[in-house]
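For reference, the structure discussed in these notes is given below.
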Amino acid sequence: MKHTIGLIGFGTVGRGICEILLDKKNYLKEKYGFEFVITAVADFAFGNVYNPDGLDIPLMLKQANEKQKFTKDLTDYDNIKLIKNSNCDIICELTYTDLTSGGPAIDHVRAALESGKHIVTSNKGPAALFYPEMKKIADQNNVKFLIEGTVCAGTPVINLTDGPLAGCDISKIRGILNGTTNYMLSEMEKGMAYEEVLKIAQELGYAEADPTGDVEGHDARGKVTILANIVMGAGIKITDVPCRGITKITSEDIENAKAQNKRWKLIGSVEKKDGKVITSVSPEMIDYSHPLAGVMGATNALTFTTDLLGDVTIVGPGAGKIETGFSILTDILSIHRTNGK
Ligand code: HSE
C-alpha cells in the first residue's frame, strides 16, 4: 500500500523521519510492502509546501539543514488548511511541545483526526493533556492516534505495554525518563559545568525547544502523566504529578553522592497503591549497585513491575533525531500493517 504522509514541523524529528524513510525506502517496500510519498510539510521557519504527487524531500532537507527557507511547491494553506485539504492519510505532528496548553499541536491533531487522517506524534502536549479526548475523536473517525515517540523516543514503551505485555497487570513503572538530564548528570560527574553540558545537549537535539522543560523535570512529568493515564487509566492531570528537576543539583552534591558510591538520577515513578495511582518526578541518589545507576548519557530505562513476569526492564535511547524519528516510523508501520484498522 502507498501512504501519503504529511509532516507538521520540520525540525529535528521531522528531518529524522525523512532521512530514515529515504534511506530505508527499498527495504521498507521489500520487507513490508510499504510505499510512501510525502506530499505536505508545514514549518514556521521554512514555510508550508504541498505537492499532491510528492515533495522534493532531499532538496528540503538540504535547505533546512542550511537554515534556508523552502523554495519549491510553496502553498498559501496555513497548517490547519494543509492538514484538512491535503491528500495525506497520515499526519505526523512534530512541532514543539507545550505542556501548558498543548498548542499549537492540539489544533493540528484535532483537525487531522476530524478529517479522517491518522495521527502519529512524538509531541507530549496532546498526549499528556488531551489523550482521552483525542482517542475518542480518533475512534469516531476510524483512524489512529499513535504516540510511541512521546515516551523514551523510539524505545518501545507505549507499544510494549499495549502489545507484548498485554494481559499483565502493571502495578509500578519507575525509571529514567528524560535523556537531557541523564546526559547532563553523566557529564557533570566527569567534571563538565552545568551550562556547558546543557548547551551540548541542545546541540545534540536531546533538549526541548525550551530546555527549562527538561531541567525542571516538566518533560519527565509529562511522560509520567502519559504512562499513568494510558497504562494505568489514572485519569490524572499533569499538575497532579509532584515534580522536582535537577536545577538545584550542584557539583558538590555530585561529589557527595560519589563519596557514598551513589549517583544522582532524575526518577519518574507511577505506582498503584490502595486503589490509587501515585506519581512523582524527583532526583534521587541511586546506589552504584542498582541497575539504574549504570544507565548513562541520553539513555532512558524503565522497569515495569508486573503480576505475571515480575520486573521487566527496557533500556534504550530516550532522545535524538534518528531515535525519535524511528518512533514515528514504527507507528506509521503499525498503521500500514493493520491497514489503519
Ligand atoms: N527532551 C527530551 C529528553 C526529548 O531529553 O528526553 C525526548 O522526549
Just order 218-225, 170-177, 252-259 by mean Cβ neighbour count inside 10 Å, highest at the front, would you? 218-225, 170-177, 252-259
Over all directions, what mean area does the Cα convex hull of segment 253-313 project, stated in square nanometres? 5.2
Given only helices, namely DSSP H runs of n ≥ 4 each adding -39500 (n - 2.57), what is the per-residue ellipticity at 222 nm of the chain, to the nearest 500 deg cm²/dmol? -11500 deg cm²/dmol
Normalised by the number of residues in the chain, what is the relative contact order in percent for Cα pairs under 8 Å and 6+ residues apart? 20
Please give the length that would be gained between residue 195 and residue 313 if that part of the chain were fully extended, namely 0.36 nm times their separation in residues minus their C-alpha to C-alpha distance (nm, one decimal). 39.3 nm
When you take every Cα atom in segment 159-317, what is the radius of gyration, and what is Dmax, the widest Cα pair distance, in Å? 15.7, 46
Just grab the label-to-label distance for residue 67 and residue 25, each label 7 Å out from Cα along the Cβ direction, in nm (one decimal). 3.0
Just to confirm the number: angle between the C-alpha axis of helix 321-337 and the first principal axis of the chain, 0 to 90 degrees, nearest 10? 60
Between residue 115 and residue 240, what length comes free when the chain is fully extended (0.36 nm per residue of separation minus the Cα-Cα distance, one decimal in nm)? 41.8 nm
How far is helix 179-189 tilted off the main Cα axis of the chain, in degrees rounded to 10, range 0 to 90? 40
Low-density loop cleavage sites - trypsin sites (Lys or Arg not before Pro) in segment 68-162, where at most 14 other Cβ are within 10 Å (DSSP): 69, 72
Among the lysines in segment 159-317, how many pairs, 8 or more places apart or on different chains, have alpha carbons under 19 Å apart? 22
For segment 1-154, diffusion coefficient by Stokes-Einstein and Kirkwood Rh (Cα), 4 °C, 1.567 mPa s, µm²/s: 83
What's the FRET efficiency of residue 2 with residue 78 using the Cβ-Cβ distance as r and R₀ = 41 Å, to the nearest 0.05? 0.95
Would you work out the relative contact order for segment 193-341, in percent, from Cα pairs under 8 angstrom that are 6 or more residues apart? 17
Quick one: among 217, 103, 154, which has the greatest mean-square fluctuation in a GNM of the chain with alpha-carbon springs under 10 angstrom? 103
Which value in nm describes the separation of the simple spin-label points at residue 53 and residue 172, placed 7 Å from the Cα toward the beta carbon? 6.0
How large is the dipole of the chain about the Cα centre if only Lys and Arg carry +1 and Asp and Glu carry -1, each at its Cβ, rounded to the nearest 20 debye? 560
Dividing the mean separation of Cα pairs under 8 Å (6+ apart) by the residue count of segment 1-156 yields a relative contact order in percent of 21
Choose one answer from 91, 83, 236: the residue with the largest mean-square fluctuation in a GNM of the chain with alpha-carbon springs under 10 Å. 236
If you wrap a convex hull around the alpha carbons of segment 101-145, what volume per residue comes out, as a whole number of Å³? 51
Modelled label-to-label distance, residue 32 and residue 85, 7 Å Cα→beta-carbon offset: nm? 3.1
Neighbour cut-off at most 14 other Cβ (10 Å), DSSP loop, chymotrypsin sites (Phe, Trp or Tyr not before Pro), segment 1-107: 44
Antiparallel bridge percentage (DSSP; both residues within the chain; nearest 5): 65
How big is the chain in terms of Cα radius of gyration and Dmax, in angstroms? 20.0, 62
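No value in this document is a laboratory result; all are computed from the given coordinates. This one's a predicted model, so the numbers in the text were calculated from it and none came from an experiment. Glycine gets a Cβ as well: all are built from the backbone with ideal geometry, and neighbour counts include every protein chain shown.
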